[in-house]
Amino acid sequence: MSRKFPHKKSVVHAIAEKNTYQYPFYTFAEFESRSNKMANAFTHLGITKGTRTLVFVTPRLDFSVITFALFKIGAIPVLIDPGMGVKNLLNSVKQVRPEAIVSIGRVHWIRRLLPRYFSELKIKVSLDPVGGKTHNLYSTLDSESSEFTAVDMVDDDPSIILFTSGGTGIPKGVLYTHGILNAQTKALQEMFSLDENQIDLPGFPLFALFTLAMGMTSVIPDMDPTSPATCDPSKIVRNIIEQQVTFVAGSPAIWDRVGKYCIKKNIQLGSVKQVVMFGAPVRAEIHQMFQKILPFGDTYTPYGATECLPVTLISGSEVLGLHLDRMLQGGGTCIGKAVPNTLIKIIKTSDIPEQEIFELRTEQIGEILVSGQQVTPQYFEMDEETKKAKIIQDGKIWHRMGDIGYLDKSQNLWFLGRKVHRVELAHQTFYPLQMEAPFNRHPLVKRTALVSLNFEGKKSSGLVIERHDGQTQMSAKFRAEILRLGLTTEATQTIQHFFLHPKFPVDVRHNIKIDRLKLSAWASRKVSQNV
């Protein structure tokens, strides 16, 4: 891309200054030159092909530059979401055993205080002066050559290690190969018809690695990517408008706030062609908001996971035009058809590792299984976790998504919730999105969560409700209205207990996936206290 578009902007950083924004940038030629200098600097420090290199860099122009420099060497960047909490973060570092680190200065002080988590670390690079044996990257960068010959890599060579968020278990290091990154880039480019004429604003920083490889300009927004639910929508809207962004992506928590702000201020985003939301099911109201905000665009919800992305794709227009009624009646969330070269099977739900594939028929509910070039082969040095998540059949790797769903007659995939969130009672199994949809239609309800209640050895189902106003006292009128909604389907009539919760616990990465296991424990305690 630097040869094709040397003077085109590659990465742009939105930096607020008083009442205005500055937008410093690197051209593609500058990006290439700088990443070559960094590749030379890293090589001189001893980072080579296969070196696991922990990268902790706040969103800035050099984040992508550093990552591509490590790719050129053949090193393996290790990226861990700092939002997962200190305990999970440190345990993830210990598990992956990094040999090198490139980070902001603050992380180096933590490293020095807690050296047992960094026992195999040999090469230490900082973006800030921290002294000691830690090399300051910028102190010698100007003297490095701007020429570098990238190491030859093949599809099966390890490329990067990304960690799952640990929302339904321990965080796990997912080992990607260069072939997988190439397959993902190609799939995303084809899914959204992306090319060098588009401008990207990634609410999730890693997305920029794909769009830059396509020759797109990537604008780093003025927000904290570790806390998307607290973003300031006015800042993001201003960055989009001032940079004429055409493609935006990130957690639904971001675009919910941006959508409400635009509706309130009567703003349309005329340059935006695609709003891509991932990380959790997207409510119909968000699609409906953006129908008014995007005069020339649409919303999209790709389905996937850290271990396998993308799997399916659907547009907001299709959701609202073809599937809304079924969704509102408890059919789950329609997440579209498989992307090209991707296979989906629904198998009998089981918690047993390495089970045989027992494929279910159309409309039958079960566990979602995926195979394709984008499916990662293993977790890093976690053989037991790999056995739980992967099934090998006829030479193909099938990934168990950990989700429940079904395929309809048109081969659309419907999502009903996480496998660990299903509620199994004596004679029937219930799934979150199947049970929650009728109650979410109440105007005072922000969201609901189906939970399993365990009291004195007996299991029952309950529904926890978060209201828009945060109310925690159940009035007789509100309870009667909720009970009336519960009568609309046979399944929801079985719910025996209802609770009001002030604010749902959510996942650390996207700030929107409901932690139903925490709510289940909380509701079970409430039941025991009231008996």
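You will find that of LYS37, LYS4, the residue that is surrounded by fewer than 19 Cβ atoms within 10 Å (Cβ to Cβ), at pLDDT 95 or above and in contact with a helix residue (DSSP H, G or I) (Cβ under 9 Å, 6 or more places away or on another chain) is LYS4 and no other. Filtered by the rule that a residue be part of a loop (DSSP other than H, G, I, E, B) and among the aromatic types (Phe, Trp, Tyr), region 194-214 gives a lone residue, PHE204. LYS72 passes every criterion in (1) of a type outside the set (Gly, Ala, Ser); (2) out of contact with any Asp or Glu (no Cβ under 9 Å at 6 or more places or on another chain); (3) part of a helix (DSSP H, G or I); (4) crowded, with 22+ Cβ neighbours inside 10 Å apart from (4).
Conditions tested, residue by residue: (1) out of contact with any Leu (no Cβ under 7 Å at 6 or more places or on another chain); (2) assigned to a helix (DSSP H, G or I); (3) surrounded by fewer than 19 Cβ atoms within 10 Å (Cβ to Cβ).
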position: MET474; (1), (2), (3): no, no, yes
position: LYS477; (1), (2), (3): yes, yes, yes
position: THR488; (1), (2), (3): yes, no, yes
position: ARG509; (1), (2), (3): yes, no, no
position: ILE512; (1), (2), (3): yes, no, no
position: ALA521; (1), (2), (3): yes, yes, yes
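Looking at (1) of a type in the set (Ser, Thr, Tyr); (2) farther than 20 Å from ARG97 by Cα; (3) more than 22 Å from the chain's Cα centre (by Cα); (4) not in a helix (DSSP H, G or I), which is the only condition THR58 fails? Only one criterion is unmet by THR58, namely (3).
Each row is one residue, and each column tells you yes or no for (1) in contact (Cβ under 8 Å) with a residue 60 or more places away in the chain; (2) farther than 18 Å from VAL311 by Cβ.
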{"site": "PRO171", "(1), (2)": "yes, yes"}
{"site": "LEU181", "(1), (2)": "no, no"}
{"site": "LYS186", "(1), (2)": "no, no"}
{"site": "GLU190", "(1), (2)": "yes, no"}
{"site": "SER193", "(1), (2)": "no, yes"}
{"site": "GLU196", "(1), (2)": "yes, yes"}
{"site": "ASP200", "(1), (2)": "no, yes"}
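Taking region 128-150 as the range and being more than 32 Å from the chain's Cα centre (by Cα) and either assigned to a strand (DSSP E or B) or at positive phi (or both) as the test, the residues that pass are GLY131, GLY132, HIS135. Do we find a residue being farther than 24 Å from TYR176 by Cα and either assigned to a loop (DSSP other than H, G, I, E, B) or in contact with a Gly (Cβ under 7 Å, 6 or more places away or on another chain) (or both) anywhere in region 372-385? No: region 372-385 contains no residue that is farther than 24 Å from TYR176 by Cα and either assigned to a loop (DSSP other than H, G, I, E, B) or in contact with a Gly (Cβ under 7 Å, 6 or more places away or on another chain) (or both). Checking every residue in region 96-117 against the condition of being farther than 24 Å from GLU385 by Cβ, touching a residue at least 12 places away in the same chain (Cβ under 8 Å), of a type in the set (Ser, Thr, Tyr) and surrounded by 13 or more Cβ atoms within 10 Å (Cβ to Cβ) gives at least one match. Among the residues making up region 215-242, those that are outside any helix (DSSP H, G or I), surrounded by 16 or more Cβ atoms within 10 Å (Cβ to Cβ) and touching a residue at least 40 places away in the same chain (Cβ under 8 Å) are GLY215, THR217, SER218, VAL219, ILE220, PRO221, ASP222, PRO225, THR226. Scanning region 446-460 for residues that are in a strand (DSSP E or B) and either in contact (Cβ under 8 Å) with a residue 40 or more places away in the chain or more than 15 Å from GLY330 (Cβ to Cβ) (or both) turns up LYS446, ARG447, ALA449, LEU450, VAL451, SER452, LEU453, ASN454, PHE455, LYS458, LYS459, SER460. Put simply, of MET153, MET191 the only residue that is buried (at least 16 other Cβ atoms within 10 Å of the Cβ) and in a loop (DSSP other than H, G, I, E, B) is MET153. Considering region 243-255, the residues that are within 17 Å of PHE192 (Cβ to Cβ) and either modelled with pLDDT under 95 or in a strand (DSSP E or B) (or both) include one that is farthest from the chain's Cα centre (by Cα), namely PHE247.
When LEU90 is tested against the conditions (1) surrounded by fewer than 19 Cβ atoms within 10 Å (Cβ to Cβ); (2) not in a helix (DSSP H, G or I), the lone failure is (2). Given the condition of a type in the set (A, V, I, L, M) and touching a Leu at 6+ places or on another chain (Cβ under 6 Å), answer yes or no: does some residue in region 241-248 qualify? Yes, region 241-248 contains at least one residue that is of a type in the set (A, V, I, L, M) and touching a Leu at 6+ places or on another chain (Cβ under 6 Å).
Name the strands (runs of 3 or more DSSP E) wholly inside region 283-347 in which the number of residues that are under 29 Å from ASP394 (Cα atoms) and out of contact with any Cys (no Cβ under 8 Å at 6 or more places or on another chain) is 1 or more. Because the criterion is at least 1 residues that are under 29 Å from ASP394 (Cα atoms) and out of contact with any Cys (no Cβ under 8 Å at 6 or more places or on another chain), the strands (runs of 3 or more DSSP E) in region 283-347 that meet it are 303-305, 308-313, 342-347.
Do we have LEU416 as in contact with a Leu (Cβ under 6 Å, 6 or more places away or on another chain) and either within 27 Å of LEU450 (Cβ to Cβ) or not in a helix (DSSP H, G or I) (or both) here? Yes: the conditions hold for LEU416. Would you mind stating whether ILE344 is under 25 Å from the mean Cα position of the chain (by Cα) and not polar (S, T, N, Q)? Here the answer is yes, as ILE344 does meet what is asked. Give the residues of region 435-472 that are acidic (Asp, Glu) and under 14 Å from PRO502 (Cβ atoms), sorted by residue number. Selection gives GLU466, ASP469.
In this structure, does VAL125 turn out to be in a strand (DSSP E or B) and in contact with a strand residue (DSSP E or B) (Cβ under 9 Å, 6 or more places away or on another chain)? The answer is yes for VAL125.
Just one of (1) surrounded by fewer than 16 Cβ atoms within 10 Å (Cβ to Cβ); (2) touching a strand residue (DSSP E or B) at 6+ places or on another chain (Cβ under 8 Å); (3) outside the structural domain of ASP152 (by TED's automatic domain parsing) fails for LYS18. It is (2). Within the bounds of region 419-437, is there any residue that is on the phi > 0 side of the Ramachandran plot, assigned to a strand (DSSP E or B) and surrounded by 16 or more Cβ atoms within 10 Å (Cβ to Cβ)? No, region 419-437 contains no residue that is on the phi > 0 side of the Ramachandran plot, assigned to a strand (DSSP E or B) and surrounded by 16 or more Cβ atoms within 10 Å (Cβ to Cβ).
The values are calculated or read from the model by the stated rules, or taken from the named source; none is laboratory data. If you're wondering where the values come from, they're calculated on a predicted model, not measured in any experiment. We place every Cβ from the backbone using ideal geometry, glycine too, and count neighbours over all the protein chains shown.
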